[in-house]
Amino acid sequence: MICSLTCFSQKPDSVKTESWKKIYRTSATKINDLVHTKLDVSFDFSKSWMYGKAWITLHPHFYATDSLNLDAKEMEINEVSIIKAGKHIPLKYSYDSHNLLIDLDKSYKGGENYTVFIDYIAKPDDIKEKGSLAISGRKGLYFINPLGKDNSKPTQIWTQGETQSSSVWFPTIDKPNQRTTDEISMTVSDKYQTLSNGVLVNRKKHTDGTRTDTWKMNLPHAPYLMMMAVGEFSIIKDSYKGKEVSYYVEKEYAPVARKIFGNTPEMIDYFSRVTGVEYPWPEYAQIVVRDYISGAMENTTATLHSASAQQDARQLIDGNNWEYVIAHELFHQWFGDYVTMESWSNVTLNESFADFSETLWNEYKYGRDAGDEHNFQGMQAYLQRDGQNKDLVRFYYKDEMDLYDVVSYQKGGRILNMLRNQVGDSAFFKSLNLYLTTKKFQSAEAHDLRLAFEEVTGQDLNWFWNQWYYGSGHPKLDISYDYNSENKTAKVFIKQTQTGKAFRLPIAVDVYQGGKKNRYKVWIDQTADTLSFPATSKPDLINVDGDKILLCEKTDHKTLDNYIFQYKNAGLYVDRREAITYAAGQKNAKALDLMKTALNDMYQGLRIYSIQKLNIRNDSVKNVVEPMIFDLSKNDPKPLVRATAIEALGKYKKDTYREFFLKSINDSSYSIAGNALLALGSIDTVSALNQAKILSSQNVKGALSVAINKTLYDYSSESDFDSLAARFDNFPSGNGKFTLLQSFANYLKRVKNIDNFKKGIDLIVNSRDETPEQYRQYVLPFINERILNGLAIAKQSSGMKEQADYVYSKLPSKSKAPEIPKVP
Ligand SMILES: [Zn+2]
């Protein structure tokens with residue numbers, strides 16, 4: 001599972017009760033084990049129902065039992081029987097809309113198979129529980145545009161099992177420590193394609209225009225990994241060692257499907273090689289669906305992606321911004337699907353590996369800098385958000401969906417990267433291999449991973465697991481230096497300033513002196529450690545954490561000269577980045593020289609960073625770097641660098657660049673074209689508006705679409721109201737519309753005509769009320785409090801009471817006009 005972009009902006013808890021903090025979350029007790037699940041399903045699009053027949057084979061796990069408790073959410077149960085010699089023998093059962101308690105016909109012994117049959121109707125719209133930001137729904141089964149009334153999207157059906165929503169569409173034991181083989185027969189209109197786990201083993205056309213597709217999964221996997229999808233798709237086929245690798249996309253994206261997904265076979269090969277476990281499943285499909293409730297999901301052999309994966313040819317010129325998701329979900333086929341967390345508490349066993357695979361893939365495919373950049377960004381994502389007090393393995397939580405956060409993902413991924421550095425690549429990957437082969441087709445907990453590492457390395461690693469897996473927080477380091485020329489000793493003082501106890505950390509310290517680098521491997525474990533190193537003269541640089549892998553925050557008291565040396569000689573991505581960050585804040589010639597060097601850094605990510613960090617409000621910087629920025633904006637081989645340089649050039653507000661901006665607006669890269677349009681706006685709003693109007697009739701996406709909308713809504717006058725209102729109204733729903741909503745609201749602040757203003761508010765209110773149910777709890781407060789209430793206050797403060805009152809009338813009753821403070 002990977003979250004959509006917004007998923008980590010945690011909302012404060014509205015529920016005050018903290019009783020969950022006392023509930024230890026155990027792994028589910030296994031009374032019965034799933035063995036095989038056979039489903040026969042068809043769909044009622046008019047009701048968003050699914051008619052299902054399920055044959056579920058189970059056996060008691062160890063102890064004999066005469067009852068079975070299945071998860072089955074909001075279903076209509078028509079029949080429950082046991083199959084004996086092909087005959088249905090009715091069983092007694094009770095059902096409370098969540099649990100189906102069945103009295104078996106006798107007591108079954110441990111390991112003794114039996115098969116129950118259930119005839120049911122799944123009614124996903126009856127599910128009332130809300131999702132989380134990470135997975136914004138629990139309906140399990142989703143009918144998209146089922147009546148075909150919405151022209152902006154195709155009709156589709158898809159499922160989302162994680163965490164415990166598969167039991168909305170079939171009765172099962174909906175726990176991650178269960179596994180089942182399965183066979184699913186879907187009867188659909190012949191115009192649709194279907195996808196499920198495993199292999200399509202049969203297609204049967206019927207005379208009524210329908211068809212039954214049967215998918216079979218012969219290897220056991222957890223119920224939350226089962227999936228179905230139905231819709232009209234183009235299927236593009238690749239292969240890996242004779243296994244089919246396919247991409248299901250909307251027809252429009254068939255020509256670019258390989259540009260988006262085409263690295264998949266190489267990824268499968270790479271991940272098979274690093275894990276030493278050949279891709280374990282019979283084939284691998286990826287499908288893109290509409291209105292998905294998260295980012296993507298690693299259903300076994302059938303990963304499901306949200307529509308953000310579908311980028312057009314011009315978007316892809318700027319780079320495939322979905323490739324890390326493709327890597328993430330693919331690595332889950334090993335870590336998650338082949339070996340599965342035994343409980344949600346251990347979700348990091350799935351997610352830290354998937355997150356870490358993004359770094360691995362970047363490093364392998366695009367070089368060390370690209371891998372290090374991804375690792376660095378993951379660390380920042382964790383440090384910048386609230387994850388301080390959360391253990392990686394968390395036995396106490398309010399809702400299992402809360403575990404899908406920056407701790408389980410990004411912090412977990414960084415911990416794996418540290419572990420890899422600590423034990424070395426060869427031991428690291430050998431340990432992963434041992435873990436995967438020992439626990440294959442089973443569930444695992446974090447200790448299983450520790451045992452594999454201990455077996456391979458011969459080391460006791462309890463301390464590492466206790467500190468990082470069963471503990472919280474991270475070290476905050478204060479690092480300072482001293483050199484004593486009499487006894488020829490360099491000292492490093494490392495203080496751990498975090499609250500709580502000191503972390504035990506193995507650290508590589510590189511001492512650069514006399515043209516040589518000496519590496520010292522040391523351990524620190526105190527709140528204040530002093531390290532001493534021999535040095536015949538003052539070192540040019542002492543580089544603590546020489547491989548830049550520590551998960552920490554740090555205050556490093558290096559000098560500018562240290563950083564200049566570090567940029568040139570230590571040389572890793574983070575070494576160079578730290579030097580750029582420091583130099584950008586300094587006002588002297590040496591620092592500026594470093595910035596000039598960094599503008600030509602060999603890695604595009606650091607060229608972009610350097611441009612962004614330039615302090616061009618400072619005239620001495622501004623004039624010196626201008627020709628360099630102009631050169632980058634024209635000649636850099638990477639579109640995103642050129643785009644960033646154009647953005648910086650816009651800040652010069654010089655008419656001499658007009659022709660260049662105008663030309664760049666037609667660049668094939670959306671980022672370049674979009675930034676050129678915004679830069680033109682900084683010198684000539686009329687010309688920018690004209691360009692935006694011309695472009696607005698074209699079908700463009702990405703950064704250019706955002707720039708067009710920003711230009712249109714920022715610079716248009718009130719007389720353009722009708723066209724701008726229509727543009728907003730007709731814009732397809734989704735993330736793009738949400739961005740547009742904010743531009744439109746800014747525009748409405750300038751609209752004085754009362755009728756137009758009301759019309760504009762009505763359009764915003766319509767889009768609010770049409771928000772799909774699964775997003776409402778997040779989108780509605782934003783639209784009400786930030787957008788609408790913000791507009792009301794703006795109108796009120798400029799004396800337009802009628803406008804303000806109209807907005808308030810559209811808000812929930814608890815919102816009301818704020819008191820205007822009286823001047824005493
Ligand atoms: Zn994931």
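The values are calculated or read from the model by the stated rules, or taken from the named source; none is laboratory data. Everything numeric here is computed off the predicted structure, so don't read it as measured data. All Cβ positions, even for glycine, are placed from backbone atoms using ideal geometry, and neighbour counts span all protein chains on display.
In table form, for the structure just shown:
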read-out	value
Residue within the stretch 388-402 that is crowded, with 21+ Cβ neighbours inside 10 Å, among the hydroxyl-bearing types (Ser, Thr, Tyr) and either more than 15 Å from the ligand (Cβ to nearest atom) or under 19 Å from the mean Cα position of the chain (by Cα) (or both) present	no
Residue list for the stretch 549-576, filter: basic (Lys, Arg) and over 24 Å from Val407 (Cα atoms)	Lys558, Lys568, Arg576
Strands (runs of 3 or more DSSP E) (entirely within the stretch 91-166) containing at least 1 residues that are within 17 Å of Ser42 (Cα to Cα) and among the hydrophobic types (A, V, I, L, M, F, W, C)	114-122, 141-144, 156-159
Qualifying strands (runs of 3 or more DSSP E) (wholly inside the stretch 169-246; at least 1 residues being over 30 Å from Glu400 (Cβ atoms))	180-189, 193-196, 199-205, 210-221, 234-240
Sole residue being in contact (Cβ under 8 Å) with a residue 60 or more places away in the chain, β-branched (Val, Ile, Thr) and out of contact with any strand residue (DSSP E or B) (no Cβ under 9 Å at 6 or more places or on another chain), chosen from Val277, Val289, Val325	Val277
Residue ranges of strands (runs of 3 or more DSSP E) in the stretch 279-347 with at least 2 members out of contact with any Pro (no Cβ under 6 Å at 6 or more places or on another chain) and away from the ligand (no atom under 15 Å from the Cβ)	284-288
Matching residues in the stretch 200-219 - criterion: being touching a Ser or Thr at 6+ places or on another chain (Cβ under 9 Å) and surrounded by fewer than 17 Cβ atoms within 10 Å (Cβ to Cβ)	Leu200, Val201, Asn202, Arg203, Lys204, Lys205, His206, Gly209, Thr210, Asn218
Hey, Phe43 on the phi < 0 side of the Ramachandran plot, within 35 Å of the chain's Cα centre (by Cα) and in a strand (DSSP E or B) or not	yes
The stretch 706-745, residues that are in a helix (DSSP H, G or I) and touching a residue at least 60 places away in the same chain (Cβ under 8 Å)	Asn735
Search result, residues across the stretch 70-97 that are loosely packed, with under 13 Cβ neighbours inside 10 Å and not hydroxyl-bearing (Ser, Thr, Tyr)	Asn78, Lys84, Ala85, Gly86, Lys87, Ile89, Pro90, Lys92, Asp96
Selection status of Val168, aliphatic (A, V, I, L, M) and out of contact with any Pro (no Cβ under 7 Å at 6 or more places or on another chain)	no
Count of the stretch 448-489 residues which are outside any helix (DSSP H, G or I) and either free of Cβ contacts under 8 Å to residues at least 60 places away in the same chain or surrounded by 14 or more Cβ atoms within 10 Å (Cβ to Cβ) (or both)	23
Scan of the stretch 504-529 for residues that are out of contact with any Lys or Arg (no Cβ under 6 Å at 6 or more places or on another chain), outside any loop (DSSP other than H, G, I, E, B) and loosely packed, with under 14 Cβ neighbours inside 10 Å, ordered by number	Lys516, Arg519, Lys521, Trp523
Test: residue in the stretch 558-573 that is at pLDDT 95 or above, in contact with a helix residue (DSSP H, G or I) (Cβ under 8 Å, 6 or more places away or on another chain) and part of a strand (DSSP E or B)	no
Residue that is nearest to the ligand (Cβ to nearest atom), among those in the stretch 348-370 that are of a type in the set (Phe, Trp, Tyr) and surrounded by 23 or more Cβ atoms within 10 Å (Cβ to Cβ)	Phe353
Search result, residues across the stretch 603-618 that are assigned to a loop (DSSP other than H, G, I, E, B) and either hydroxyl-bearing (Ser, Thr, Tyr) or in contact (Cβ under 8 Å) with a residue 60 or more places away in the chain (or both)	Tyr603
Set Gly140, Gly131, Gly198: member being small (Gly, Ala, Ser) and more than 24 Å from Ser345 (Cβ to Cβ)	Gly198
Matching residues in the stretch 434-447 - criterion: being in a helix (DSSP H, G or I) and in contact (Cβ under 8 Å) with a residue 60 or more places away in the chain	Tyr435, Leu436, Thr437, Ala446
In the stretch 244-272, the residues that are surrounded by fewer than 17 Cβ atoms within 10 Å (Cβ to Cβ) and touching a helix residue (DSSP H, G or I) at 6+ places or on another chain (Cβ under 9 Å)	Pro255, Lys259, Glu266
Odd one out for Asn375 among (1) assigned to a loop (DSSP other than H, G, I, E, B); (2) away from the ligand (no atom under 16 Å from the Cβ); (3) surrounded by 19 or more Cβ atoms within 10 Å (Cβ to Cβ); (4) within 16 Å of the chain's Cα centre (by Cα)	(1)
Yes/no for Ser97 being of a type outside the set (A, V, I, L, M, F, W, C) and modelled with pLDDT of 95 or more	yes
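Yes or no, residue by residue, for (1) at pLDDT below 95; (2) within 16 Å of the ligand (Cβ to nearest atom):
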{"residue": "Cys3", "(1), (2)": "yes, yes"}
{"residue": "Thr6", "(1), (2)": "yes, no"}
{"residue": "Gln10", "(1), (2)": "yes, no"}
{"residue": "Trp20", "(1), (2)": "yes, no"}
{"residue": "Arg25", "(1), (2)": "no, no"}
{"residue": "Thr37", "(1), (2)": "no, no"}
{"residue": "Ile56", "(1), (2)": "no, no"}
{"residue": "Asp66", "(1), (2)": "no, no"}
{"residue": "Asn69", "(1), (2)": "no, no"}
